[in-house]
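Below is one structure, written out as structure tokens, with a few remarks after it.
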Amino acid sequence: MTRRARRRAALRCYAILGALAENGPTSESELCRLLHRPLGTLYPDLAALEHHGRVTGEWLLTPAGQPRRRLYRLTTAQERAATRALEKRLRAALHAVADPIQENHHG
């Protein structure tokens, strides 16, 4: 795999993790819709994320004659990591807003 292909795969995986963090348990077809990807193209990325313990997949029971569906969700560890990352971004944003206010107030 070329460096560029690895970078694109990593970006797709980050997009998947973000979509799962925002939407909760989601099927591959719904992730494709959310991320504007062709149906079926995210399975390799989902398999890699599952292999590395970032997501878990669960087969849903479907009526006879309908295709099986797999629902993906973030692992507990990945949910905690996403929460920490969001908190870090929020603190940075609040700090960026508060500094100019404090400078104007004390200046």
Note to self: Looking at Arg73, Arg80, Arg69, Arg84, can you tell me which residue is surrounded by 13 or more Cβ atoms within 10 Å (Cβ to Cβ), charged (D, E, K, R) and within 17 Å of Gly18 (Cβ to Cβ)?
What the structure shows: Arg73
Check: Does at least one position in segment 55-69 carry a residue that is under 11 Å from the mean Cα position of the chain (by Cα) and among the aliphatic types (A, V, I, L, M)?
Finding: yes
Margin query: Quick check on segment 38-66: of everything there that is touching a residue at least 24 places away in the same chain (Cβ under 8 Å) and either surrounded by 13 or more Cβ atoms within 10 Å (Cβ to Cβ) or of a type in the set (Ser, Thr, Tyr) (or both), which residue is farthest from Arg6 (Cα to Cα)?
Written below: Val55
Notebook entry, point to check: How many residues are under 14 Å from the mean Cα position of the chain (by Cα), farther than 16 Å from Thr75 by Cα and not charged (D, E, K, R) if we restrict to segment 18-35?
Noted result: 4
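Any read-out appearing in this document is the output of simple, stated calculations on the displayed coordinates, not a laboratory observation. All of these numbers come straight from a predicted model, not from anything done at the bench. Every residue, glycine as well, gets a Cβ built from its backbone with ideal geometry; the counts of neighbours run over all protein chains shown.
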